[in-house]
Every structure is written in structure tokens, then in C-alpha cells.
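The values are calculated or read from the model by the stated rules, or taken from the named source; none is laboratory data. All values reported here derive from a predicted model rather than from experimental measurement. Heads up, the Cβs are rebuilt from the backbone with ideal geometry, glycines too, and the neighbour counts pull from every protein chain shown. We work out accessible area using only protein heavy atoms, side chains counted, and drop any ligands, DNA or RNA first. Shrake-Rupley method; radii C 1.70, N 1.55, O 1.52, S 1.80 Å.
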Amino acid sequence: EGRDILHLTFSSALSGTYNSMKMAAEELREKYPEQKIIVIDSLCASMGEALFVCYAAWKRKEGLSIDETADYLKDDEGRLVPISKVRGRRQSLNALVDYMGERYEAYGKQPVFISHGDCIKDAEYVASQVKERFGISDFTIHFIGPAIGSHSGPGTVAIFFLGSKR
């Protein structure tokens, strides 16, 4: 249809999708040399990737070109790593919000995404703490999907936000 493509993939650290899409993009560029086809490794998973895609859409709505949007989305690194160990459930949830506080970038009270492994009350507690500490009220809370959930297990709570760095 003559449209440019900006494709955001699941983290290359967790899947081969990025490499497959790069190969597909090369083939399409040969067939459609006048079109821009950009593939970006989101370096994200789960609701982190959802938030990444939302920011891409918001930037396009602000009027950024496909190249400007792609440049905005390219970041230093991204991976899933344990950051600390805390004893006790409530302390671990508070530590999650503390971690956000160390990295949170207050861009006009940005939205926060929270995912959980069948523990909605814990996710709601984290949301209440984020609201209390940072004044944010724009939340999306959702279950962790089966692909990530099979690795993280029940009881997992994750928080996604735009930080000063990844």
C-alpha cells in the first residue's frame, strides 16, 4: 500500500524474533526500495513492551516522523535481571516502588503499567504506593501472559515506567 513500516520486536535477549524481522525487512527493502522499513529491538518484554509501543504511538501522534520516532525509541540496553533480594512480601513490593523512585523521570505524570502473576491485590498495593509517593493515577494493571509467566511464576509483580535511563 506504499506505507512505511516501523516494527518493534520482543527483546532479542529472549527471542529470535528481532533477527527474523531484520531478515524479512531486508527482503522487503529489495522489493520496495522506496519504502522505509525500520526494525527496532524493544529490549522489553511483557507490559514493558506494551508501554514501549504506546510511547511510539504517542510520539507519532505528536507529529514525529518515522525516523524521529525510531531515534527516540533506540536506547542503551535492556534486559531482565534480578536487582535485589528482600525478605517478606510487603518489603519486596515496597522495594519495587523504591527502585522506581530511584529511576523515575517525572514527564508530566507519565502512565505506569503493572503486571502480575495471579496476585491482583499485590499489584493494586503497588499502584497505591506509586500514587501516594509520586502522585500518579494513570495505571494499567494486567496479568502476566503465559510466555513470561512460565518463567516468572505465580506471585510475580512487575512495574513499568519511563525512567531516566534503562
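Side notes on the structure shown:
- Among the residues of region 14-50, the one identified as of a type in the set (S, T, N, Q) and in contact (Cβ under 8 Å) with a residue 40 or more places away in the chain is Ser46.
- When Gly149 is tested against (1) within 17 Å of the chain's Cα centre (by Cα); (2) outside any helix (DSSP H, G or I); (3) of a type outside the set (A, V, I, L, M, F, W, C), just one condition goes unmet, and that condition is (2).
- Of all the numbered requirements in (1) touching a His at 6+ places or on another chain (Cβ under 9 Å); (2) closer than 30 Å to Ala25 by Cα; (3) not acidic (Asp, Glu), Ile114 misses one, and that requirement is (2).
- When restricted to residues that are in a loop (DSSP other than H, G, I, E, B) and in contact with a Lys or Arg (Cβ under 8 Å, 6 or more places away or on another chain), region 1-41 contains 4.
- Among residues of region 114-125 that are in contact (Cβ under 8 Å) with a residue 60 or more places away in the chain, those with a beta-carbon under 7 Å from a residue that is part of a loop (DSSP other than H, G, I, E, B) and surrounded by 14 or more Cβ atoms within 10 Å (Cβ to Cβ) at least six positions away or on a different chain give the pairs Ser115/Ile144.
Condition check ((1) basic (Lys, Arg); (2) touching a helix residue (DSSP H, G or I) at 6+ places or on another chain (Cβ under 7 Å)) across all residues:
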{"residue": "Gly2", "(1), (2)": "no, no"}
{"residue": "Ala13", "(1), (2)": "no, no"}
{"residue": "Gly16", "(1), (2)": "no, no"}
{"residue": "Glu26", "(1), (2)": "no, no"}
{"residue": "Gly48", "(1), (2)": "no, no"}
{"residue": "Lys59", "(1), (2)": "yes, yes"}
{"residue": "Glu68", "(1), (2)": "no, no"}
{"residue": "Lys74", "(1), (2)": "yes, no"}
{"residue": "Val86", "(1), (2)": "no, yes"}
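- Scanning region 94-135 for residues that are among the acidic types (Asp, Glu) and not in a loop (DSSP other than H, G, I, E, B) turns up Asp98, Glu102, Asp122, Glu124, Glu132.
- Asp4 within 20 Å of the chain's Cα centre (by Cα), charged (D, E, K, R) and farther than 18 Å from His116 by Cα: no
- Against the conditions (1) open to solvent by 20 Å² or more (accessible area, probe 1.4 Å); (2) hydrophobic (A, V, I, L, M, F, W, C); (3) more than 15 Å from Leu51 (Cβ to Cβ), Val97 satisfies every one except (1).
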